[in-house]
Amino acid sequence: MNDDTDRDLLQVEALLRRAASSLVYPPTPDIASGVRVRLNETAPRSRGLGGFWQRPAFAAASVLTALVVVLGALIAVPTSRTAMADFFGLDHISFFEDDGASPTPPVLVPGNFARPSSVEEVRSIVDFPVRLPDGRAPKAAYIQAEQFTPYAIFVYDDYDIYQTRDANIQKLVNGGAPVTRFEFDGHVAYWVEEGGHIAQSLDAEGRVVVDSRRTVERATLVWEQDGITYRIESDLTQDETVAVAQSLLLSPS
């Protein structure tokens, strides 16, 4: 197996372990004897060519079938759906529990890690439509990582808006900043409560960009539309922040 396959299997294993903790299991019936009898009845007489049941292709297919069945059962359980959503996140944003293995990065404002810019310049740099809530001009505009995967950042009184395309973002959360999955206007979104979580970006090889790590104390709303990731770091309530998001999506680009 290659590294990507190994990583995917580890993620699936972690997902199954996490989701399993939310399931209520009935008493296990004594089915071993019955299965053993059926296997003896249906087992092939000849073991030529290595034995049908020992063929790698059959074994792989059996594992995949079992995985599909297990995942199907997990999806049918509401608490498991929540665990899966929190684990996988969106296409370009994933949520993980912060294990505390790395030092906690500082709380930074855009001026600490992004270049001052203007709405007009940002629009000329990024390759996606830039949107502003109700078309209102921000107090300040910034551009980040313009040579790689640029972020457009717009600062308002009670919130900052981040817009980017194809960036891979991780959110490391703990018990102090619970995550809620919900939908608004047909968009799957996540709300991270205030209290501190770590935001970091990954490069094309899936490695953490060290200087992108920072602690976010504000509540955060994230969602995606048309390949663009939107993030609002907000001092407002969840409903108020969603209203900003709705005005953002309705505004002309």
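Which residues, taken from the range 192-227, are within 22 Å of D239 (Cα to Cα), in contact with a Lys or Arg (Cβ under 8 Å, 6 or more places away or on another chain) and buried (at least 17 other Cβ atoms within 10 Å of the Cβ)?
V192, H197, T220, L221, V222
Can P106 be described as in contact (Cβ under 8 Å) with a residue 60 or more places away in the chain, over 25 Å from A177 (Cβ atoms) and exposed (fewer than 15 other Cβ atoms within 10 Å of the Cβ)?
no
Return yes when T241 is in the same structural domain as R123 (by TED's automatic domain parsing), buried (at least 17 other Cβ atoms within 10 Å of the Cβ), touching a residue at least 40 places away in the same chain (Cβ under 8 Å) and in contact with a Leu (Cβ under 6 Å, 6 or more places away or on another chain) and no when it is not.
yes
Would you mind telling me which numbered condition in (1) under 15 Å from T229 (Cα atoms); (2) surrounded by 16 or more Cβ atoms within 10 Å (Cβ to Cβ) P129 fails?
The one condition P129 does not meet is (2).
Residues that are in contact with a helix residue (DSSP H, G or I) (Cβ under 9 Å, 6 or more places away or on another chain), at least 3 per element: which strands (runs of 3 or more DSSP E) completely within the range 140-203 meet that?
Of the strands (runs of 3 or more DSSP E) lying wholly inside the range 140-203, those with at least 3 residues that are in contact with a helix residue (DSSP H, G or I) (Cβ under 9 Å, 6 or more places away or on another chain) span 140-144, 151-155, 159-165, 179-184, 187-192, 197-202.
Would you check if Y230 is under 16 Å from the mean Cα position of the chain (by Cα), under 19 Å from D157 (Cα atoms), buried (at least 16 other Cβ atoms within 10 Å of the Cβ) and touching a residue at least 24 places away in the same chain (Cβ under 8 Å)?
The answer is yes for Y230.
The values are calculated or read from the model by the stated rules, or taken from the named source; none is laboratory data. This structure is a prediction, so every number in the text was calculated from the model and none was measured. Positions of Cβ are generated from backbone atoms using ideal geometry, with glycine treated the same way; all protein chains shown enter the neighbour counts.
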